[in-house]
Amino acid sequence: MDTIIEVIDEKDINKDVLKKAGEILKSGGLVAFPTETVYGLGGDAFNPDSSRKIYEAKGRPSDNPLIVHIATMDDLPKVAADIPEKAYALADKFWPGPLTMIFNKVDALPKETTGGLDTVAVRFPVNPIAMELIKQGGGFIAAPSANRSGRPSPTIAKYVVEDLDGRVEMIIDGGASVIGLESTIVDMTVDPPMILRPGFITKEDIEEALKADIDVDKTIIDGNSTSKPKAPGMKYRHYAPKADMTLVSGSPENVVKYINDAADKDMKNGLKVGILATDENASLYRADSIKDLGQRMDEKAIAHNLFRLLREFDDENINVIYAESFETKGVFQATMNRMLKAAGHKEVKL
Ligand code: TXA
Ligand code: MG
């Protein structure tokens, strides 16, 4: 298949292109598109064939449900049933934006889209290109992240092209994703609601909006947990670069020394070593490739840069990555969740 690649400026949206993209979606084709979190691989959520094609294009197990994207609150009850008051409170505060909520699904929504589940994940993104595309495509776009299964989610179109060229009808290049990590997922079918995947919207943000405590799926950070994560997708080795990655935590001096020693040893053995560093320490390392995540306190910059830098290591054929680690508060909880997964939970605590 020849993939059409279109560049769209978020500030001056070419509606003709999005109309054409909408036609592709309505006729059962796939379109990859930008959102504020990461790029999505979209298909018509009410067309079971489109959902099947999404699994195929991604190489994703079909028991891993897709998120349904909407562009108006009026459409929420058309996919979700038994919507609790608390969900409206969260929608008021965080939609459109990087929050996904899980509800019981309506019967009309095909099980192909929900990975066989009776529940549906719904998101209302704020990116204007995504919003217009959803409207043009019929209102309900099923979309996982636009990466091949197991790879880091793409935050720039270049990496969507790398993973999906020839596998989808169209890729829309709308520039870099503002946030860079996937949405926060909250299960609204339980009370209190439960975070199944941490993201840019934190537990504290949600608790403040609800004026009530919520739960967090324990498997999110704990690599030793033997229980099954409640979001099926969280069980897969995910977000993973090709290299073998290790997180290192401790005082800055100890971390720098440990990583430099380990990198020296690996490089002597002929391995190509990459380091994911904070701005404060980046100049202190010795390795083949040193990448700067941002200043240690800047949780937004670090979230924004992580996936792109992991992909850059892949481009450079890096074999081993050492990464500084972070506390697990605020947005760092989401970043650390992705970093631990990328590292297969390999962490050295000094
Ligand atoms: O930011 C995002 O959420 C991006 C953009 C494109 O919107 N999408 C995204 O989709 O990250 P994906 O498919 O890569 O991740 C969706 C996650 C998976 O872990 C999946 O198992 C979980 O959501 N999920 C979807 N429906 C669910 C459901 N009904 N119950 C529990 N987990 C669900
Ligand atoms: Mg994904």
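Within the accessible area of the range 114-153, what % is carbon and sulfur when the probe is 1.4 Å and the other protein chains stay in place?
Heavy-atom surface of the range 114-153 belonging to carbon and sulfur, 1.4 Å probe: 53 percent.
Work out the length of the dipole vector of the range 125-256 about its Cα centre, built from +1 on the beta-carbon of each Lys and Arg and -1 on the beta-carbon of each Asp and Glu, and round it to the nearest 20 debye. Working shown, then result.
Working: 14 positive and 19 negative charges, 105 e Å.
Here the size comes out at about 500 debye.
When every alpha-carbon pair in the range 282-350 is counted, what percent end up more than 21 Å apart?
For the range 282-350, the fraction of Cα-Cα distances above 21 Å is 21 percent.
Amide H to amide H, which residues 5 or more places from G42 or on other chains are under 5 Å from it, using H placed in the peptide plane?
Answer set, sorted by chain and number: V31, A32, F33.
What are the ³J(HN,Hα) values, in whole Hz, obtained from phi via the Karplus relation 6.51 cos²θ - 1.76 cosθ + 1.60 with θ = phi - 60°, for each residue of the range 285-301 in sequence order, with x given for Gly and Pro?
Each residue's phi maps through the Karplus curve to give 8, 10, 6, 5, 8, 10, 10, 9, 6, x, 6, 3, 7, 8, 4, 6, 5 Hz.
Students often check this: by mean Cβ neighbours within 10 Å, which of 171-178, 9-16, 91-98 ranks highest, and how do the rest follow? Mind dumping the intermediate values first?
Details: 171-178: 20.6, 9-16: 11.1, 91-98: 19.0.
Per-residue mean Cβ counts within 10 Å order the peptides as 171-178, 91-98, 9-16.
For V38, V161, give me the order by solvent-accessible area with a 1.4 Å probe, most accessible first, ignoring ligands, DNA and RNA.
Working: V38 10, V161 40 Å².
Reading off the accessible areas and sorting them downward yields V161, V38.
Report the accessible area of E36, computed with a 1.4 Å probe over the heavy atoms of all protein chains in place, in Å² rounded to the nearest 10.
Accessible area of E36: about 10 Å².
Quick one: if you stick a label point 7 Å off each Cα along the C-beta vector at L117 and K20, how many nm between them?
Each label point is offset 7 Å from its Cα along the Cβ direction, giving 3.6 nm.
Give a residue-ordered list of calculated ³J(HN,Hα) values for the range 24-29 (Karplus: 6.51 cos²θ - 1.76 cosθ + 1.60, θ = phi - 60°; whole Hz; x for Gly, Pro).
Per-residue couplings from phi come out as 4, 4, 5, 9, x, x Hz.
Give me a comma-separated list of calculated 3J(HN,Hα) values for the range 162-169, in order, Karplus coefficients 6.51, -1.76, 1.60 applied at θ = phi - 60°, integers in Hz, x for any Gly or Pro.
For the range 162-169, the Karplus curve yields 4, 8, 10, 4, x, 10, 9, 6 Hz.
In Å, what is the Rg of the alpha-carbon atoms in the range 53-137, and how long is Dmax?
Just the Cα atoms of the range 53-137 yield Rg and Dmax of 13.0, 37 Å.
Taking amide hydrogens as modeled 1.01 Å from N in the peptide plane, which residues meet the under 5 Å criterion relative to D173, leaving out close sequence neighbours?
Sorted by chain and number, the residues that satisfy this are E6, V7, I8.
Accessible surface of D244 in the full protein assembly, 1.4 angstrom probe, to the nearest 10 Å²?
80 Å²
Counting only protein heavy atoms and a 1.4 Å probe, tell me what percentage of the range 192-350's accessible area is made up of carbon and sulfur. Provide the component values of the computation, followed by the final result.
Numbers: 3500 of 7300 Å².
Percent of accessible area from carbon and sulfur atoms in the range 192-350: 48.
Can you figure out the FRET efficiency of D264 with E208, using R₀ = 51 Å and their beta-carbon distance, to the nearest 0.05? Before the final figure, lay out the partial values.
Working: r = 47 Å, r/R0 = 0.91.
That pair, D264 with E208, gives E of 0.65.
Using a 1.4 Å probe, how large is the accessible area of H304, given in Å² and rounded to the nearest 10?
Roughly 60 Å² of H304 is accessible to a 1.4 Å probe.
Which whole-number percentage describes the relative contact order of the chain, with Cα contacts under 8 Å and a sequence gap of 6 or more? Show your work: numbers first, answer last.
Working: 796 pairs, mean separation 67.1, N = 350.
RCO, the chain: 19 percent.
So between N254 and K158, what do we pick up on full extension, going 0.36 nm a residue minus the alpha carbon distance? Walk me through the numbers before you get to the answer.
On the way: separation 96, 0.36 × 96 = 34.56 nm, distance 3.64 nm.
Gain on extension, N254 to K158, equals 30.9 nm.
Roughly speaking, what is the stretch gain from T72 to E10, that is 0.36 nm per residue apart minus the C-alpha to C-alpha distance, in nm to one decimal?
Working: separation 62, 0.36 × 62 = 22.32 nm, distance 1.90 nm.
Going from the current span to full extension adds 20.4 nm.
For the chain, what mean projected area does the convex hull of the alpha carbons give, in nm²? Mind showing how you got there, number by number?
Details: hull surface 68.4 nm².
About 17.1 nm², averaged over all directions.
Alpha carbon centre of the range 92-106 versus the range 133-196: separation in Å?
15 Å
Among the aspartates and glutamates, which fall within straight-line cross-link reach of K53, defined as a Cα-Cα distance under 12 Å, with same-chain neighbours fewer than 8 residues apart omitted?
D44, E112, E169
Rolling a 1.4 angstrom probe over the protein heavy atoms, how many square angstrom per residue are accessible across the chain? Working shown, then result.
Values: 14370 Å² over 350 residues.
Here the residues of the chain average 41 Å² of exposed surface.
Reported to two decimal places, what Rg/Rh ratio describes the range 18-95 when computed on Cα atoms with Rh from the Kirkwood expression?
Rg divided by Rh gives 0.99.
Ignoring ligands, DNA and RNA, what percent of the 1.4 Å accessible area of the range 1-85 is carbon and sulfur?
Working: 1800 of 3820 Å².
That share works out to 47 percent.
Report the equivalent ellipsoid semi-axes for the range 148-307 in whole Å, largest first, defined as the square roots of five times the eigenvalues of the gyration tensor built from alpha carbon atoms.
Values: eigenvalues 187, 103, 57 Å².
Working through the eigenvalues yields semi-axes of 31, 23, 17 Å.
The values are calculated or read from the model by the stated rules, or taken from the named source; none is laboratory data. Just so you know, these numbers come straight off a predicted model, no measurement behind them. Counting neighbours? That spans all protein chains shown, and the Cβs are built from the backbone with ideal geometry, glycine included. The area values use the complete protein model at the heavy-atom level, side chains included, leaving out ligands, DNA and RNA. Shrake-Rupley method; radii C 1.70, N 1.55, O 1.52, S 1.80 Å.
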